[in-house]
Amino acid sequence: MNKKLSLGLLTLASVLFLNKLHAQSWIDPSVKDIIQKAFQTNKELKLKAYEVDKARLEAEGVKANRLPHISALGLYGYVHSNGSVDIPTVNIPLLNLGLFEGATGFSLHGQAAYAGVSVKQIIFSGLQIPNGIKALQEKAVAQQYLESASRETLSKDIIASFDQLMLLDEVDKLIVDSEKRLKKEQEKVNKAIQNGLAIPYDRDKLKLALLELEEKKVELSGNRDLLCQKLAQETGISSQKVGGIHYILKPIFLSELPADVEQRSELKALDASSKAYEYVYKKEKGGALPAVFAFGSANYLNVFNSKLTVKDQSLLGTVNLPLNSIKGTPNLIVGVGVKWDLYTGGEHLNKIRQVKLDQHINTTKREDTQEKLTLLLSKNTVTYTTGNEKLKVGEQQLKVAENNLSMAVKQYQAGLIDVTALLAAENDWYKVNLGYFNNVLQQRTAAVELLHTSGKLLQTIHE
């Protein structure tokens with residue numbers, strides 16, 4: 001009994017492993033490599049990456065507001081100043097005189113030189129800086145998800161184009177097979193005509209069928225060139241290299257069907273945008289609070305080749321004093337400042353309302369996108385399931401068409417049917433095979449669309 005149990009577990013493990021292996025190996029390694037290279041060369045993805053870098057740099061720029069801002073200033077020019085000064089009166093008992101009574105007017109003019117360094121640093125910004133940083137970081141996350149969404153779309157398009165190329169390969173094989181059989185029969189007919197056992201009509205019918213195949217080959221070549229050029233443009237790989245990739249076009253059987261669309265990058269981007277708007281709202285609310293900053297400066301002032309005039313002095317009248325220079329070095333000042341916008345004409349309240357409206361728009365977009373993607377997931381699930389059923393019917397049609405063609409060839413060789421019946425069987429075989437490979441292509445497309453709709457395409461490719 002233990003042996004049976006062990007054998008059963010081993011068999012179950014083998015089945016699960018094979019299913020997983022089968023689900024992971026549906027994409028050709030060469031196509032996977034080309035998709036990775038396309039991520040590096042595609043211009044649309046480069047633009048998305050630039051947007052991500054830009055948002056991150058904006059966040060770093062806001063972070064810089066926390067650091068001290070240091071500036072230097074140098075000036076040289078001509079100064080002219082009029083003013084008054086009120087110095088406490090100085091009494092001279094001997095002269096019974098009071099100096100500097102009341103306000104004393106003066107004027108000063110001359111050349112001046114100034115140099116200084118000042119420092120300013122935000123201490124409290126009403127939480128605008130940290131919330132602004134977080135908002136920009138979430139914006140960068142949203143941009144990153146949008147880039148990921150573009151990667152998925154590009155991957156899906158590349159896979160679809162390569163699958164169409166592989167369908168052309170299969171059609172080419174069908175044409176070659178038909179061509180071989182018809183040429184073989186043509187040779188037999190020609191010999192039979194020479195021996196008087198057949199008529200030229202049979203030969204002409206076979207020749208017409210071969211010309212129709214030749215026409216299909218020309219059309220096939222044109223379609224192949226167009227697809228190779230399209231893939232070369234999308235991936236940055238040369239058309240020759242693209243045309244050199246070949247793999248068997250076979251169905252994609254998923255081990256389990258996606259149940260939701262929560263992994264879709266567009267939804268994640270909208271979620272990140274929602275968080276960004278929350279931080280923007282907090283930032284704008286913080287704008288009503290005062291900003292506190294520390295400041296300090298050190299400067300040098302020199303007024304030279306100047307003249308100082310002191311007006312209306314007791315006993316002396318107006319006094320003109322030539323000055324060599326007046327220097328202040330260093331002049332130091334440190335302190336704390338507060339800036340508070342008490343009224344801005346409703347600008348602050350308007351910004352808050354705009355952010356609230358942006359939040360409502362983003363929420364509505366998120367709900368609408370999820371509803372549409374969920375409906376699309378249901379549609380693609382039905383299409384994928386229907387595609388699987390059509391493949392089963394197609395496999396039976398292949399067997400019937402193969403048997404009918406084999407029987408028709410034997411009957412024609414035995415003289416039981418004419419060339420028209422043989423060509424009809426050949427044409428039916430071609431149509432059934434072409435239809436089957438078209439169904440394989442549609443089934444693969446449905447499977448890829450299903451993975452893309454659920455947001456799991458890139459994850460499956462990278463496995």
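If you go through the stretch 375-405 and pick out every residue that is loosely packed, with under 15 Cβ neighbours inside 10 Å and hydroxyl-bearing (Ser, Thr, Tyr), you end up with 3. For the stretch 271-285, the count of residues that are surrounded by fewer than 18 Cβ atoms within 10 Å (Cβ to Cβ) and assigned to a strand (DSSP E or B) is zero. Of the strands (runs of 3 or more DSSP E) lying entirely inside the stretch 1-113, those carrying at least 2 residues that are at pLDDT 65 or above are 69-86.
Within the stretch 399-426, the set of residues being small (Gly, Ala, Ser) and not in a helix (DSSP H, G or I) comprises 414, 415. Of the residues making up the stretch 228-237, not a single one is out of contact with any Ser or Thr (no Cβ under 8 Å at 6 or more places or on another chain) and charged (D, E, K, R).
Take the residues in the stretch 136-193 that are at pLDDT below 90 and among the small types (Gly, Ala, Ser); name whichever of them is nearest to residue 60 (Cα to Cα). The extreme case among them is 178. Looking across the stretch 333-366, just one residue is under 30 Å from residue 298 (Cβ atoms) and among the basic types (Lys, Arg), and that is 339.
Consider the stretch 254-270 and keep the residues that are touching a residue at least 12 places away in the same chain (Cβ under 8 Å) and farther than 18 Å from residue 371 by Cβ. The one that is surrounded by the fewest Cβ atoms within 10 Å (Cβ to Cβ) is 255.
Just so you know, in the stretch 326-359 the residues that are exposed (fewer than 10 other Cβ atoms within 10 Å of the Cβ) and small (Gly, Ala, Ser) include one that is farthest from residue 283 (Cα to Cα), and it is 335. Taking the conditions exactly as written (outside any helix (DSSP H, G or I) and crowded, with 17+ Cβ neighbours inside 10 Å), does residue 116 satisfy them or not? Yes: the conditions hold for residue 116.
Evaluation of residue 203 against the conditions (1) crowded, with 18+ Cβ neighbours inside 10 Å; (2) of a type outside the set (A, V, I, L, M); (3) over 32 Å from the mean Cα position of the chain (by Cα) shows that the sole unmet condition is (1).
The values are calculated or read from the model by the stated rules, or taken from the named source; none is laboratory data. Keep in mind that this is a model prediction, so the values were computed, not measured. We place every Cβ from the backbone using ideal geometry, glycine too, and count neighbours over all the protein chains shown.
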